[in-house]
Each structure stands twice: as structure tokens, then as C-alpha cells.
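J.: The structure that follows is given in the form of C-alpha cells.
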């Protein structure tokens, strides 16, 4: 009797779940378009919207969406829509998600993926389907070596960022003893390796941590840093781990400067470390400060999202605008769009964009900046990093 | 293998290891007590610890303290500490009891096989940690800097901070108190009786259900205290912070001799120190592997642990 | 400990399932004295689907199974079914990809079922074998690999399965004498050691950087393009389904042989089995080895489909997810493992893309909460699982009767 009841309850629960899911489903409908504009197309955002490093993805998505909104203001509501795909930054979620992206025939371009790991997994699918992508933040150098004709990178890669960070440590901080660590991620380890090779004998010791979000107790690493006598510490990784390290270093009485890459360039670092501890930490980024973005971008972003533009928001804004300009020029198939981007020369709010044959940003347009965390936990520009 | 690095930081690694080990030991008490009495690995214990960390943080948040607040005066610090400890102890204790009541008691009633208990424990652990994860959006939560670390003693490059002394001292005191409780009180005798033979104890008039609840409660209390020490030391917590620590704590309990309270203390301290040495030698990314290798080695060569299993015997 | 009367008269017990209350319920502690005459299982009328199936003549049974299999192969087209089709297929993820995910989850569930369900060995580190299979393929086939052997996928498959099988033996051997709960922790430890090694050996297993350029299964269509491309996951699903069918046949035969009976004896009471002459060591190792080989096969399929893999896939939660699938579906029987494996993959994927109103989190993130609670409820209310193994249900009933009053 009880078994029957359990069966009924179980079946009802599953049915209710599915019914609820069905009710919540919103199938994307075809958009209404004005007759003399190229409307009804979609540009996708593919990347992390949830997860431990979600901020970086969200900043990009919001920048791109701002561009779409401004376009729709001029050309009719819902002329172009942005379709979001949340990969959670994970490379095993990425392929399935990418496949469903390419089956949607209305999607003619992708802004993203923001992380290098998921790019490795998803970009082959985009390439096979011929959907052009512009990534505003995936900096792993090897991404452009796979021969993906649709790949475009709107920022410098780690081969430029690493030396800039090393140069900052040597010339500005004038540190002679540096400790280098990373989180063994594709991005973090790659960046740290470049920094290590540039710093050479100044590196007194190294260590590795678990991936971002997977470790909270860094006491062994902290101990090593303190014992090594280093006055500067470079961490290749993302803001959560970096923040925790900074907090525990301060608690252990270490007074040196912590330096990070663009993965640490987020107020989340100060949230993790506490404003006091974070103050004075340096991060590099192959991007110019968002506050230096031209035009009304900064205030527009603040108006729409009620928060300051984050890392790469301006680059994403520009990337989306490249697509939108392409649509305006009549490139409404993925093929034509890809050809358009390959030869584009676009001046956006953050930078001017021209892509090489492998999809990299033209080297004369590369900018690397150093930023500092101030006492209130905000990131302020420090100086443009010397190109070495 | 970085021998010179290990040698150079030997002192600091040892002290850090002892402090970490003290937290692990307090945490391990919960495992060892429950296993000693019920022969059950309480997987959900790691979540009992984790909710304790959040309880302390939200309580401090209620008083307006967050990680960016300045350090209050000594009197206020003591006050906040006590409040935080109380909150963590209460929440952890209640969670432990809840888990026992909801997950284990129905299974005990129908004499389920041990596999069922383990699987239910996993289910409970999963449910609790994931729920907290969803509600905190899997973000970390920062801890107010109640204790400004200050070096108290200097021996060469061995710097011992006030926080470390507090943690190690507290663990020793609590262990002593618990030891006295188990060995010299009536309730303690009841626990030992149930550990030795549940049905005979019931026949001799011990209320088995109440003893079991008491054991879970004590484990929860210890976890709550460990939780507060942990957040003060690490400075942050997260929905999955219980998991790795839980594995280490269970390893420590087995290392010392499961069911043996002093074994839990010894195992915890030893494990903390050895893990730090492994981190010093091979790099931090390998330190958990150190814990597992130790565990597997003990289980293969001396399954009863260093001090022997013995909750049921007169000497705890 | 179950009563000595194992098979014969017990077959009549399931009558109790049909009637709400059994009139002659033995009191706790006493054995059922009145035993009806031994009745062959096939003839006993049971009010269950399985009973009904067992009563049909074998051509009908074969026909039904064939229909079922054909329907399974047609699943990628489920979205075309009018009305309910769009509700079944997943929104947030490509449907054939979701089906492929289901197929390798089912494969893993089948493998874990051998270890946990048949032999009763709680293995919390099953993802380790999956990882061994996938990494072996990656090491042999990827251009990033330190071996640089660049095999084709098909050539790497048997090697990977053998390596996984060996790893099962290596795991099994030191754990032979361990008690059930210690075994669980040690298997967990092994899986974590594999994961940390994968994370922390930048040149060998390449951690997060992973292996790219993994080749796909061979075969070209008539127009020259490969069957197993990157964009369409349907051929992968069909391949997975075929592998599942093979594994089912193999495992089923094992279960009905001496090996299966030995596993049953070990599961019910290892010491008694040892005394009765069952070579527990040999059969426990068999269980680990077979479970590991199936897990490795799952890893091989995964590597062939992904094209890129890194260490972030092989987390402990994955082992626990598969375990919960096996337990929920009904451990100890194949249909249960299939159902459980399919559910743990399908339900989260189906819920992906939908936000909950409370915390605005994608429902996909709630999956562990859901499964955690589901495991607890199932173990408390229906420990034999959704599709119970008849034997398991009876074992549990016996144990309940022996419970001392609390």
C-alpha cells in the first residue's frame, strides 16, 4: 500500500517537475523586423554567467548587451537580440551548449567565449559551423594556432601580458626577490610561466594552488612566501583565489605587493581579501581602463546596469558593435560576417580593431595597462605598462 | 623535491601544521565518536561544520561586522567571539541532531544494512552543501578581522601568533574536558556502554536513542567550535569548505584509532603537520594526496590506528 | 543476516506485494515456519510487469525487447513527436548531446552497478576509472600528448579498456580485506589521487590545459564527410547505445552464472560465503575489474566525442552522482541501473536554462540538492530503488523484521 503511494508520489513529482519546466520554457520566437533594416538576427553570448569566476563573464555579457540595446533604440525594438548561453566556464559543458548554439540558424556571430579552457572545447564546433566569434578576453596564446578561421581575439594574448607584468615588477616595484604561483589552470599557469621566464633569477620560489574556487586554505603557500623573503608575489589565476591568498598573507604579516593578471582584475578580489588587505595590489590587463573609454560608454553602462563597467566590458561592447556594423553593411550570413570581420578596421570606445590572418589583434594596437586596488576596493588605473 | 625549502621553513610549517591539526582534531572528534558508537561514517558531519561557519559569520554580520570592519577593542572581541561560538555551536548541534533524526533514525528502525546508512549520509551531505551553495551563489563569504594576528613568540624564524596559540590551546582544553566527560560521568559511561554493545546496554537500562542523540550533539558542538576557529584562521568560508576538511578529519580519526578520543587529537595534530611537510617538499597542490596516502597506508598495515580503537573500553 | 532458507520458498513471498497486508506475518525474531511447497519462479503469478513479462512465450518477449531497442535508437527524433515532443527534449543543451551524455552516464551506472549492486562493494571513486579510460585515449591519440604516438581513436580503445581493467585490479587488491565503510573512503582516496595527479602534472596529464585535437571515431559518409563530426552528436549517441547493449548482454550473462551467484553470496554475507567455499578474493577482484573496464569504456566514448578534455571533468561529485543514480534506480539490477543513470543525466539537462524564482539560479544548479534529497527519501522509503531487484527487496524486508525495538 505504501509502495503504491510512493510510486504515485514519485510519478507525480516527476510530472510536476516537467510540467513546471515546460511552463517556464520560453521558446525564442522570431522577431519582428522593420522592413528596410536587417533585423531578426541574433548574436550569441557564450560564456560563464554563474560559477566562481562569473563576474568576468557577466561584465562581458553586459557590455555586449548594452551595445545591442543602443542598436535597437535606433533600429526598432527587438531588431537584433542577444542570446545567452551559460557555460559556467566549464569545458565539458561547452560542447553540448555550442552544438545547440550552431543549430539556431538565426545566430550569425558569437561574443565570447571569455575563458581559454572553454574556448578550446567550443571553438572547434563554431569553426566547423562557420560561425564567427570575437573573444574579448580569452588570452591563451595557443588558441590562434589551431587554424580556426572564425577565431578573432579582441585583446592581446598572454605573450604580451606576461612580459608587461614582469617588467612592472622589475622596473616599477623594483623587486629583487619575487615569488610566483599559479592555479594550474590553462590561463594561470600559462601566464605565470611567461612571467617566470622573464624574471629569471629574481624568482626565489614557486608554488601551485588548486583551481579557482577549489581551495580556501592557503597556509602552506603563505608560509612559503613569508619564509622566502620575497617582496613581490605574482599569482597567475583568478580573483577568488588571489583574494584569499592576499587576505591570508596579510594575516601572516607579509608586507609585500601582490601582482596579478587580468583574471584578478575585478572588485571580487577586494571582496575576497578585504579592502584593507587588497589596497596596493597590482593587476595587469591587456586592456585600457574602462574609464578611459571614449564617448558616453562609461555613463551609459552605469545607467543601464547600475554598476561601473568591469574588465573587458568596453571590449565586449566594441566586439558586439563590430557585428552590428557588419549587419548594417548587409553581412547577414555567418560566412559574409566572417569575411567582414577578417578585414575590418573598427574604432571603438576601448581600442581600434584590426585582425591578423590568425585572428590575433594587430600588434600595433595592443595595449597593456597596470591597475591598482585602492583603499575602497575599487580598481584604478596606474600606468600603461611598457611593452617589452 | 625541495629539501632545502623544507628545512628552511621547518619551524613555520610545524607551527602552522599544529594549528591546522588542532582544527582537524576538533572536527575529527565528531567522526570518531559517531563511528565508535554506531559504526557509521557520518558523511554529513562536514556539512555540520560548514553551516557552523556560516552561522558565526551571519551572526557577526547581524551585529554589523563584515570583513572590512576595523578590529574592535579587546572586550568587544571577547564578546563577539562568545556570541559567534554560541551561534556556531547551536546551529551545528541542531544540524547534527536533525541529520540523525531525519536520515539515520528511520534506517536504524528498520535495521538497514550499513551500505544504506553510508548512502543516506552522502545524500544528506549533498543536499545540505548544495542548498547552501545555491543560496550563497557559491560565493565565498569573508570573515570580520576580530583577531589581529600578532606574533607572540619568536624562536629563530619560528613565529608563533596569538591566533595559533588560541586554536591549539582551545583544542587541548576541549579534548581534556571531553575526555573527563566520557570517562568520569554517568552519561559518558552510557556512551561507552552503547559503543561496546548497543543491545546489552539497552538491556541494562541505558536509553540508546538518547545516547545516540547525545553523541551526535557532542560531535556537532565540537564541529561548531572548530568552525569558528577555522573562519578566524582562514578568513573566508564557502559552501564546500567542509568537504576537504572532512576527508582530512576522517583520515585523522582513523590514523589515531577510530573511536579513540585521544587518538583523534593525536591523529589530527600529526596529520596537520605531515600535510604541511608534504606541501613544503612537493608543493601545496600535493598535500591532500599526502593525507590519502597516509590513510591507505594505515588501513593496509595497521587498520586499528596508532592508539587503537577503544571507545568501548574503559580507557578512552 | 538472512535466514538460511535462501531461494525456494521465498519465491512465493512476492504475493505480499499484491495484497496490502500479509495475514501470516511472523513475529520479530521468529522464522517463517509454514513454507509453501517449492514453486518454480516462472509459474508464480505476480502482479508486476516483470512477472507478466516472464510469463510470455519467448518470441513475444524477444519481440517486445526489439521494439524497445528500436525506439531507443529513434530517441534523437523525439522532438518531432507532436505535443509532448518539445516538452521532452532539452532546451538549454542540444538534444542529441544530452542523449549522448545520458548514454555514457548509463554506461557508468551499469559498471558501478556491478561493483555496488552485484558485489556489494561501495565504491565512491568510480570517476577514477572513467578518468583512466579517457586519459589513456588522450595520451595515445592527442598531438599534445607527451607520448606523441598519435593513434587513431579505434586503436586506442582496446588499450584504454585494458588499462582501466588493470587499474581496477590495482585498486581492488589493497582493499580486499577492508570493511565496507573503510573501502568506501579508500576508493574515494584513489579517485582523488587520480584527480590531483591529473591537475598537478603539467607535462604528463596536463591538468587544466588538457588535451586537444582528440580524434573522433572513424567512418565517412557517402559524401566523404566524417560520420562522427563535431556538430552532430547523434552518431555518438547511437554508438553509445550499441555499446550499452553489448555491456548489458555481457553483464547479464555474468550475473546469471557462477560469478553472479558468488557476488550475491558475497553481498549478503561475506564471511558465510567464505566459509561455504566461495573464493571471495577472486570474485571481488573480478567485480572491480569488470566495473573498471566498463567505466573505462565510458571514458573512451567521452574522449571520442569531446575533442578536448581536461582535468576539470573528473571531480568527486561525478562519482557521487553516478552512485546516486544506481541507488535511485535500484541497485542490483540492470534495468534499475539504466533508469537511474538516464535520470541523473536527463533531469538536470532538462532543467538547464530555467531559473528558479527564489534565488534566480539556473535550475541546473539545484540538481545536487534534488538528488541528495532524493537519495535520502529513497533510502528511507524505498531502499530497493525505483525498479527493485526482487532479491534486494526481500533482503531488506528480512532485515527490517529482525530489527530490535528502538
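J.: Please find, among B:280, B:256, the residue that is buried (at least 24 other Cβ atoms within 10 Å of the Cβ) and within 29 Å of residue C:176 (Cα to Cα).
T.: B:256 is the lone residue from the list that is buried (at least 24 other Cβ atoms within 10 Å of the Cβ) and within 29 Å of residue C:176 (Cα to Cα).
J.: State the number of residues belonging to segment C:64-87 that are closer than 22 Å to residue C:100 by Cβ and without any contact (Cβ under 8 Å) to a residue 60 or more places away in the chain.
T.: Kept after step one, since they are closer than 22 Å to residue C:100 by Cβ, are these residues of segment C:64-87: C:68-81, C:84-87.
With the extra rule that they be without any contact (Cβ under 8 Å) to a residue 60 or more places away in the chain, the set shrinks to C:68, C:70-71, C:74, C:77-81, C:84-87.
Summing the residues that are closer than 22 Å to residue C:100 by Cβ and without any contact (Cβ under 8 Å) to a residue 60 or more places away in the chain in segment C:64-87 gives 13.
J.: Check C:338, C:373 and return the single one that is in a helix (DSSP H, G or I), within 14 Å of chain B (Cβ to nearest Cβ) and in contact with a helix residue (DSSP H, G or I) (Cβ under 8 Å, 6 or more places away or on another chain).
T.: Details: C:338 fails: within 14 Å of chain B (Cβ to nearest Cβ).
It is C:373.
J.: Within segment C:270-290, how many residues turn out to be exposed (fewer than 14 other Cβ atoms within 10 Å of the Cβ) and not in a helix (DSSP H, G or I)?
T.: Residues meeting the conditions: 3.
J.: Moving on to the next point. Return yes or no: is residue A:172 under 30 Å from residue B:24 (Cβ atoms) and surrounded by fewer than 23 Cβ atoms within 10 Å (Cβ to Cβ)?
T.: Spelling it out, it is not the case that residue A:172 is under 30 Å from residue B:24 (Cβ atoms) and surrounded by fewer than 23 Cβ atoms within 10 Å (Cβ to Cβ).
J.: I would also like to ask the following. Of the numbered conditions (1) surrounded by fewer than 24 Cβ atoms within 10 Å (Cβ to Cβ); (2) at pLDDT 85 or above, residue A:227 fails exactly one; give the number of that condition.
T.: The number of the failed condition is (2).
J.: Name the single residue, out of those in segment A:374-383 being at negative phi and either in a loop (DSSP other than H, G, I, E, B) or under 19 Å from the mean Cα position of the chain (by Cα) (or both), that is surrounded by the most Cβ atoms within 10 Å (Cβ to Cβ). Walk me through how you get there before you give the answer.
T.: The initial filter retains those residues of segment A:374-383 that are at negative phi, namely A:374-376, A:378-383.
From what's left, either in a loop (DSSP other than H, G, I, E, B) or under 19 Å from the mean Cα position of the chain (by Cα) (or both): A:374-376, A:378-381.
Values: A:374: 15, A:375: 11, A:376: 12, A:378: 14, A:379: 25, A:380: 11, A:381: 15.
Per the stated criteria, the residue is A:379.
J.: So, residue A:96, is that one closer than 24 Å to residue A:262 by Cβ, out of contact with any strand residue (DSSP E or B) (no Cβ under 9 Å at 6 or more places or on another chain) and not in a loop (DSSP other than H, G, I, E, B) or not?
T.: So residue A:96 fails the test.
J.: Looking at segment B:228-244 only, could you name the residues that are buried (at least 24 other Cβ atoms within 10 Å of the Cβ) and closer than 19 Å to residue B:124 by Cα?
T.: Passing the criteria: B:238, B:239, B:241, B:242.
J.: Examine segment B:64-81 for a residue that is facing another protein chain (nearest Cβ under 9 Å), in contact with a helix residue (DSSP H, G or I) (Cβ under 6 Å, 6 or more places away or on another chain), farther than 18 Å from residue C:180 by Cα and surrounded by fewer than 24 Cβ atoms within 10 Å (Cβ to Cβ), and state whether such a residue exists.
T.: Yes.
J.: Also: Could you go through segment C:164-173 and let me know if any residue there is over 30 Å from residue B:301 (Cα atoms) and in a helix (DSSP H, G or I).
T.: no
J.: Moving to a separate point now. Which ranges mark the strands (runs of 3 or more DSSP E) fully within segment A:178-242 that have 2 or more residues being free of Cβ contacts under 8 Å to residues at least 40 places away in the same chain? Steps first, answer last, please.
T.: On the way: elements: A:178-182, A:203-208, A:232-236.
It comes to A:203-208.
This table checks each residue for (1) under 21 Å from the mean Cα position of the chain (by Cα); (2) crowded, with 24+ Cβ neighbours inside 10 Å.
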site	(1), (2)
C:295	yes, yes
C:300	yes, yes
C:312	no, no
C:322	yes, yes
C:342	yes, no
C:355	no, no
C:363	no, no
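J.: Can I ask one more? Check off (1) touching a strand residue (DSSP E or B) at 6+ places or on another chain (Cβ under 9 Å); (2) touching a residue at least 60 places away in the same chain (Cβ under 8 Å) for residue A:352 and give me the number that stays unchecked.
T.: Exception for residue A:352: condition (2).
J.: Any chance you could count how many residues in segment C:218-228 are surrounded by 10 or more Cβ atoms within 10 Å (Cβ to Cβ), out of contact with any helix residue (DSSP H, G or I) (no Cβ under 7 Å at 6 or more places or on another chain) and within 14 Å of chain A (Cβ to nearest Cβ)?
T.: Final tally of qualifying residues: 1.
J.: Let me ask another. Could you check, for segment A:268-279, whether at least one of its residues is out of contact with any helix residue (DSSP H, G or I) (no Cβ under 8 Å at 6 or more places or on another chain), more than 26 Å from residue A:313 (Cα to Cα), within 12 Å of chain B (Cβ to nearest Cβ) and in contact (Cβ under 8 Å) with a residue 40 or more places away in the chain?
T.: No - not one qualifying residue is present in segment A:268-279.
J.: Looking at residue C:252, is it touching a residue at least 24 places away in the same chain (Cβ under 8 Å), within 30 Å of residue C:393 (Cα to Cα), away from every other protein chain (no Cβ under 11 Å) and surrounded by fewer than 18 Cβ atoms within 10 Å (Cβ to Cβ)?
T.: When the stated conditions are applied, residue C:252 passes them.
The values are calculated or read from the model by the stated rules, or taken from the named source; none is laboratory data. This structure is a prediction, so every number in the text was calculated from the model and none was measured. We place every Cβ from the backbone using ideal geometry, glycine too, and count neighbours over all the protein chains shown.
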